[in-house]
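So the structure is just underneath, and the comments pick up after that.
The values are calculated or read from the model by the stated rules, or taken from the named source; none is laboratory data. Note that the structure is predicted; figures quoted are calculated from it, not measured. Cβ placement follows ideal geometry from the backbone for every residue including glycine, while neighbour counts extend to all protein chains displayed.
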Amino acid sequence: MKMEGESMIYTLTLNPAIDLFIETNELKKNSVNRTKKYDIQANGKGINVSFILKRLGISNTATGVGGGFTLNYIQQELANNNIENFFINTDGITRINVFTHVNSQDCEYKLVNPGPKVTQESQVKLLQYFDRLKTGDIVSLSGSFSSGINPNIITKLAKIIKQKEADFIIDTSYSEVLDVLKYHPLLIKPNQEEIKKWFNIDKEFSIKETITLAQRLIKAGAQNVLLSLGENGAAFISKDSVYYGNAPKITALNSAGAGDTMLGTFIAGMVNQLDAKSNLQKSIAAGSDTTQSMWITDFKNVDLLEKQVKVERLTDI
């Protein structure tokens, strides 16, 4: 795809957050644990996509809902990176999540908080914002939803986007995603566990078996599927082809934002008309670099990681 003229990408985050990343040598119960270092980041899955797009030279607008001093910080960080943004303010305070990497245990503890309650009035205002969409615009919805937001908002968004002849990209775990396939979203990005849940499968599935589930999404109306397979890499599925790429060998430091990085990189590749094979390779490498970094990739190591990613076209599925 190629964006025309003044077309715009809007990322949408319905449960943004400030993420506090901590690295500590030990984590002992009932004790004062002195940490090694920390980092505070404006976050939320769609917000991460906005940062990635901007780093790849793609202008975009970050949108969502939130409130309080934490939302103010997020909006300031977006502005500092020259990313336009529009958020509906709620009465509550946008959440703070904590991710702690404990060196002695070589593991990460994730404490993810719920978001503030969002009223129906605020949701109506947010939907009205998208009346500005034009033909060729893209709305990329990512992540969980704050309290008070029914997952059927996905369908409400899909209808608006379809009426405006814009494109819809979806990266959220809610099964209501299946309800909007008839509106032919441009791209769906599930991970292995999400897609199994959508099809009521609770047993272990191989990579190829999981890809067949993605093909069912295509048959139901999705134009493309970017399937995250974690440490096993990722796959891209369209009506005409299936590509699979492995993940490079890295030392994981921070798992938050890896999927968002892969998605943002892939969207940028689609906008720039990069072929599917090359796009998948770069997107896997970028997501992997985020995993080995304190925050999302700056793309300095992505070329090196790309050399470890081998993408093949699968023809026996």
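Tabulated values for the structure
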read-out	value
Strands (runs of 3 or more DSSP E) enclosed by region 49-130 - at least 2 residues per element that are at pLDDT below 95 and within 30 Å of Ala252 (Cα to Cα)	95-102, 107-111
Residues located in region 10-34, provided they are outside any strand (DSSP E or B) and not β-branched (Val, Ile, Thr)	Leu14, Asn15, Pro16, Asn25, Glu26, Leu27, Lys28, Lys29, Asn30, Ser31, Asn33, Arg34
Test: residue in region 91-105 that is free of Cβ contacts under 8 Å to residues at least 24 places away in the same chain and either surrounded by fewer than 24 Cβ atoms within 10 Å (Cβ to Cβ) or more than 20 Å from the chain's Cα centre (by Cα) (or both)	no
Qualifying residues in region 268-317 (those that are among the hydrophobic types (A, V, I, L, M, F, W, C) and free of Cβ contacts under 8 Å to residues at least 60 places away in the same chain) - the one surrounded by the fewest Cβ atoms within 10 Å (Cβ to Cβ)	Leu304
Among (1) in contact with a Lys or Arg (Cβ under 9 Å, 6 or more places away or on another chain); (2) at pLDDT 95 or above; (3) closer than 27 Å to Gln120 by Cβ, the one test that Thr24 misses	(3)
Any hit, region 302-312, residues being closer than 22 Å to Tyr109 by Cα and over 15 Å from the mean Cα position of the chain (by Cα)	no
Qualifying residues in region 208-250 (those that are among the β-branched types (Val, Ile, Thr) and at pLDDT 95 or above) - the one surrounded by the most Cβ atoms within 10 Å (Cβ to Cβ)	Ile237
Subset of region 160-207 that is of a type in the set (Phe, Trp, Tyr) and under 23 Å from Ala268 (Cα atoms) - its residue that is surrounded by the most Cβ atoms within 10 Å (Cβ to Cβ)	Phe168
Number of positions in region 267-303 that are more than 15 Å from Gly57 (Cβ to Cβ) and either in contact with a Lys or Arg (Cβ under 6 Å, 6 or more places away or on another chain) or of a type outside the set (Lys, Arg) (or both)	21
Residues that are closer than 30 Å to Ser104 by Cα, in contact (Cβ under 8 Å) with a residue 40 or more places away in the chain and surrounded by 16 or more Cβ atoms within 10 Å (Cβ to Cβ), drawn from region 30-62	Gln41, Asn43, Gly44, Lys45, Asn48
Residue within region 306-317 that is farther than 19 Å from Ile188 by Cα, at pLDDT 95 or above, touching a helix residue (DSSP H, G or I) at 6+ places or on another chain (Cβ under 6 Å) and not in a helix (DSSP H, G or I) present	yes
Enumeration of residues in region 63-86 that are farther than 23 Å from Thr291 by Cα and either β-branched (Val, Ile, Thr) or touching a residue at least 40 places away in the same chain (Cβ under 8 Å) (or both)	Thr63, Gly64, Val65, Gly66, Gly67, Gly68, Thr70, Leu71, Tyr73, Ile83, Phe86
